[in-house]
């Protein structure tokens, strides 16, 4: 295989997005835009974009003779993606406070966080777009965890950082460089 400049990706086009759906929601066909009723969009994401990562724990095994490393084994793997949501909306509040009771009366919304720790598995879509190339992570089963602080000051945007553990996922793309024979 030779080097090909057209295979270098810079994701971040306007159509890039993160969507959240209920566990078991049917994903759109191919790379079609998700229906807002099934997968509402998180909204604006910070300029840091969306980072996809894999964490692996590796055990090393040494031989008796000289303590030389003889084998290594991956003992656990965690796949995840991280993003910083800029919008305060029902989707981000649902991720921030899973299981919260949200009610609105007379134009005033009251949010009562759930008592205790809530496991909140959901379906997610992370869309990455670079011109005509579209790559999608369809997370069939995932869980978002909020980490960090939320700034509330006039010198910074209100940002909520979420890390989504991808328990089960697929990657869907129209990238011509990934077409198999």
Residue count, the range 156-181 (criterion: touching a helix residue (DSSP H, G or I) at 6+ places or on another chain (Cβ under 6 Å) and farther than 20 Å from residue 81 by Cα): 1
2 or more residues within 27 Å of residue 138 (Cα to Cα) and either in contact with a helix residue (DSSP H, G or I) (Cβ under 6 Å, 6 or more places away or on another chain) or touching a residue at least 60 places away in the same chain (Cβ under 8 Å) (or both): qualifying strands (runs of 3 or more DSSP E) within the range 4-121: 17-22, 45-62, 69-85
Unique match (being at pLDDT 95 or above and either farther than 15 Å from residue 52 by Cα or under 19 Å from the mean Cα position of the chain (by Cα) (or both)) among 99, 106: 106
Enumeration of residues in the range 106-148 that are farther than 20 Å from residue 42 by Cβ and surrounded by 14 or more Cβ atoms within 10 Å (Cβ to Cβ): 133
Identity of the residue in the range 113-132, touching a strand residue (DSSP E or B) at 6+ places or on another chain (Cβ under 8 Å) and modelled with pLDDT under 95, that ends up farthest from residue 17 (Cα to Cα): 114
Every pair of residues 6+ apart whose Cβ atoms lie under 9 Å, when the first sits in the range 141-155 and is without any contact (Cβ under 8 Å) to a residue 60 or more places away in the chain and on the phi > 0 side of the Ramachandran plot while the second is surrounded by 10 or more Cβ atoms within 10 Å (Cβ to Cβ) and in a loop (DSSP other than H, G, I, E, B): 148/159
Residue among 21, 67, 12, 49 that is on the phi > 0 side of the Ramachandran plot and either touching a strand residue (DSSP E or B) at 6+ places or on another chain (Cβ under 7 Å) or crowded, with 17+ Cβ neighbours inside 10 Å (or both): 12
Residue in the range 149-160 that is surrounded by the most Cβ atoms within 10 Å (Cβ to Cβ), counting only those that are in a strand (DSSP E or B) and either modelled with pLDDT under 95 or over 15 Å from the mean Cα position of the chain (by Cα) (or both): 156
Test for residue 144: is it assigned to a strand (DSSP E or B) and in contact with a helix residue (DSSP H, G or I) (Cβ under 7 Å, 6 or more places away or on another chain): yes
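The values are calculated or read from the model by the stated rules, or taken from the named source; none is laboratory data. Everything numeric in this text was worked out from a predicted model, so none of it was measured. Neighbour counts are summed over all protein chains in view; Cβ atoms, including those assigned to glycine, are modelled from backbone coordinates with ideal geometry.
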